[in-house]
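Input: a single structure, listed below in structure tokens.
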């Protein structure tokens, strides 16, 4: 059998090749189109996942998030869930995983703003970009009460703060002892990172103390024959004698006059402190018999340390004490909070009688 080979004319072969090429190109364009559709769809999903606002807060108000020290990623997610401000938890989780946030947990206080997207939120948390908290304390009796007050405002608990402030070796290293340590603290409002521990708090207070007691204030104290701690000790007495800041320099001047003339201070608030009975409203003769270095009716000079954490106003009042000739003062009989001042004992006794009569009339014993 003879095989006959048939060949298409040259024109037909060229035409077939062109048609085949068009089919290949069409196929490529179709594939590229499909890939582009997928790419656009993925890009849109990615943009929506990463950049679309995912933090929606009640009334558009900021939400405060507190991440405790030692928290892991699951605990952070639980905190976010409990805050009810994350609209899509799965999208947040996807972005967090991609940006390795689970391996970069930072404790602290964070402020979440309405309208934040997942990228912004993860960057905030992963970068540890926490917002400081304002820590305020005033009208503090002792370091244990201080510890309790501070523990409500930062992560450190009251026990750890109190334990550190009773650690003799530690407080000796910073120049204080168990009786003078209240002088370290200057009531005010400070900014702290929420996850500050007990030592971090004390170190910051030591820095503020050294900042406050600059060369000028130390010279002011020295001009009155006092050290900074002694100024704080006297200021604590002034604080307990009057709440009127405009009267504090005059009260401070009375006690400085007594110190200069080697008189007993005879400060009633020191007896209340010695008795550790803050319910005492009226100091009686029996209270003056207590055996204590804080009994300024028995022992001359200043007590061994502050009887409270004095206000900055009281400290400044001591540094700027009035230069006068008063040696006595007694609460005014009108219970205004102000005092009558006297240069002589006879004048003071008249003032005291008027006040005692007012106390009797009100039934205060």
Query raised in the report: Do we have residue 161 as touching a residue at least 24 places away in the same chain (Cβ under 8 Å), more than 19 Å from residue 231 (Cα to Cα) and surrounded by 16 or more Cβ atoms within 10 Å (Cβ to Cβ) here?
Result: yes
Query raised in the report: Out of the range 333-365, which residues are closer than 26 Å to residue 231 by Cα and in contact with a helix residue (DSSP H, G or I) (Cβ under 8 Å, 6 or more places away or on another chain)?
Result: 339, 340, 341, 342
Query raised in the report: Within the range 354-365, is there a residue that is surrounded by 14 or more Cβ atoms within 10 Å (Cβ to Cβ), free of Cβ contacts under 8 Å to residues at least 40 places away in the same chain and touching a strand residue (DSSP E or B) at 6+ places or on another chain (Cβ under 6 Å)?
Result: yes
Query - Complete set of residues in the range 103-139 that are surrounded by fewer than 17 Cβ atoms within 10 Å (Cβ to Cβ) and part of a strand (DSSP E or B) - result: 111, 134, 136
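Looking at this structure, is residue 146 under 16 Å from the mean Cα position of the chain (by Cα) and assigned by TED's automatic domain parsing to the domain that holds residue 197?
Values: under 16 Å from the mean Cα position of the chain (by Cα): yes; assigned by TED's automatic domain parsing to the domain that holds residue 197: yes.
So residue 146 fits the description; yes.
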Requested in this report: Given the conditions (1) surrounded by 13 or more Cβ atoms within 10 Å (Cβ to Cβ); (2) more than 24 Å from residue 152 (Cβ to Cβ); (3) in contact with a helix residue (DSSP H, G or I) (Cβ under 7 Å, 6 or more places away or on another chain), report the number of the one that residue 56 does not fulfil.
Outcome: (3)
Query raised in the report: Which of the following residues is touching a residue at least 60 places away in the same chain (Cβ under 8 Å) and touching a strand residue (DSSP E or B) at 6+ places or on another chain (Cβ under 6 Å): 339, 325, 348?
Result: 339
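Is there a residue in the range 144-157 that is out of contact with any strand residue (DSSP E or B) (no Cβ under 6 Å at 6 or more places or on another chain), surrounded by 18 or more Cβ atoms within 10 Å (Cβ to Cβ) and within 19 Å of residue 273 (Cβ to Cβ)?
Let us first name the residues in the range 144-157 that are out of contact with any strand residue (DSSP E or B) (no Cβ under 6 Å at 6 or more places or on another chain), namely 144-145, 147-148, 150-152, 155-157.
Now narrow it down to the ones that are surrounded by 18 or more Cβ atoms within 10 Å (Cβ to Cβ): 147, 150-151, 155-156.
Add one more test, that the residue is within 19 Å of residue 273 (Cβ to Cβ), and what stays is 147.
Checked against the condition, which is being out of contact with any strand residue (DSSP E or B) (no Cβ under 6 Å at 6 or more places or on another chain), surrounded by 18 or more Cβ atoms within 10 Å (Cβ to Cβ) and within 19 Å of residue 273 (Cβ to Cβ), the range 144-157 yields at least one hit.
The values are calculated or read from the model by the stated rules, or taken from the named source; none is laboratory data. Keep in mind that what you see is a predicted model, and the values were worked out from it rather than measured. Cβ: placed from backbone, ideal geometry, glycine included. Neighbour counts: every protein chain shown.
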